[in-house]
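**Student:** Take a look at this one; I'll ask things after.
The values are calculated or read from the model by the stated rules, or taken from the named source; none is laboratory data. All figures in this text were calculated on a predicted structure; none of them were measured in a lab. As a convention, Cβ positions derive from the backbone with ideal geometry for all residues, glycine included, and neighbour counts pool all protein chains shown. All accessible areas refer to the heavy atoms of the entire protein, side chains included, with ligands and DNA or RNA removed. Shrake-Rupley method; radii C 1.70, N 1.55, O 1.52, S 1.80 Å.
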Amino acid sequence: MLPNVAVCNALLSSTGGLGQNISWEPSAPCPCIGGTLNAPQPNCPQCHGIGHIWFAAQAAWSAMTSMKLVRQWAQYGEWMSGDIVMSIPSDSPFFAAGEYDRVTLSQSSEPFGRTITVGENDRLAFTPLSIDRVFWLSADGSEIITGGIPVVNADGTLTWPADLPVPAAGQTFTMTGRRSPLYFLFRDFPQDREHASGLQLPRRVVLRKFDLLGATQGGVTR
């Protein structure tokens, strides 16, 4: 008996099923990749040395899998702390996702803390849900200076308030707050199950924390 695709999709939906809403950004290799090493250019203004660019986000949905599958992924020897496995229903736009696509878990949040240097890595790869605190050390390190809360622009750059202390060029500061968890699609989950008779049964994919891609500055979203 063939599986019922509609039933599978309904089970993984975000409205009455096990799924949750996500934001999916398709990726593509950056054209700066090349040379004798076939590597991205570290000073590329588009990908910032990551080697990938991302296109406009699309609303989609997917479902987290059980811890049993996560443990099974760990047995393949490629597991890293923070990896998750998701099942994608065939009626979700995310079903067409490929490796290195970026995924934001829109209905979840997590704390973040990051040290940032003005003029070096002060372009965020994510838009925080909230920024709680910004601070840096005085020149002799004897004091902690609390600064104003910046606005994060659509391209990840920061706009600082004019009436409060702001870090100077080259100054390293700490930013804390909350953000939606950000991942990239690492690869399809290895499995024996075939798509019976060409049916588009749910895909399983492994997502990895986006910070592990080396994305301290983030790539450009088109």
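**Student:** List the residues, sorted by chain then number, that are 5 or more residues from Arg203 or on another chain and whose placed amide H is less than 5 Å from its amide H.
**Tutor:** For Arg203, whose amide H was placed from the backbone, the distant partners under 5 Å are Ile88.
**Student:** Another question, if that's okay. Got a sec? What order do Thr117, Thr15 fall in by accessible area at 1.4 Å, biggest, i.e. largest, first?
**Tutor:** Putting Thr117, Thr15 in descending order of accessible area: Thr15, Thr117.
**Student:** Then there is this: What cysteines in the chain have no other cysteine with a beta carbon less than 4.7 Å from their beta carbon?
**Tutor:** Lone cysteines by the Cβ rule: Cys8.
**Student:** With springs only between Cα atoms under 10 Å, which of Leu37, Leu158, Leu124 fluctuates most in a Gaussian network model of the chain?
**Tutor:** Leu37
**Student:** Taking the Cα centroid of segment 72-109 and of segment 125-171, what is the distance between the two, rounded to the nearest whole Å?
**Tutor:** About 32 Å separates the Cα centre of segment 72-109 from the one of segment 125-171.
**Student:** Could you point to the residue in Ser27, Met67, Thr174 farthest towards the positive end of the chain's charge dipole, with +1 and -1 charges on the Cβ of Lys/Arg and Asp/Glu respectively?
**Tutor:** The residue sitting most towards the positive pole is Met67.
**Student:** Something else: Per residue, how much accessible surface does the chain expose to a 1.4 Å probe? Answer in Å², no decimals. Provide the component values of the computation, followed by the final result.
**Tutor:** Values: 11740 Å² over 222 residues.
For the chain, the per-residue accessible area is 53 Å².
**Student:** Something else now. Below 8 Å, C-alpha to C-alpha, sequence gap of six or more: please give me the relative contact order for the chain in percent. Display every interim value, and only then the final one.
**Tutor:** On the way: 468 pairs, mean separation 57.4, N = 222.
Normalised by residue count, the contact order of the chain is 26 percent.
**Student:** So what's the back-of-envelope 222 nm ellipticity for the chain, counting only DSSP H runs of four-plus at -39500 (n - 2.57) apiece and dividing by all residues, rounded to 500? Could the numbers behind the result be given before it?
**Tutor:** Working: 2 runs with 15 residues, N = 222.
Computed ellipticity for the chain at 222 nm equals -2000 deg cm²/dmol.
**Student:** Most mobile of Ser66, Ser27, Ser142 per a Gaussian network model of the chain (Cα springs, under 10 Å)?
**Tutor:** The residue with the greatest mean-square fluctuation here is Ser142.
**Student:** Let me ask you something else. Using a 1.4 Å probe on the protein heavy atoms only, what accessible surface does Asp122 show? Give it in Å² to the nearest 10.
**Tutor:** 50 Å²
**Student:** Per residue Cα convex hull volume for the chain, in cubic angstrom?
**Tutor:** Working: hull volume 37.2 nm³, N = 222.
Expressed per residue, the convex hull around the Cα atoms of the chain is 167 Å³.
**Student:** With N set to the number of residues, divide the alpha-carbon radius of gyration of segment 1-116 by 2.2 N^0.38 Å and report two decimals.
**Tutor:** Details: Rg = 17.5 Å, N = 116, 2.2 N^0.38 = 13.4 Å.
That works out to 1.30 for segment 1-116.
**Student:** Right, next: Please build a GNM for the chain, connecting alpha carbons under 10 Å apart, and tell me which residue among Glu110, Glu25, Glu143 fluctuates the most.
**Tutor:** Glu143
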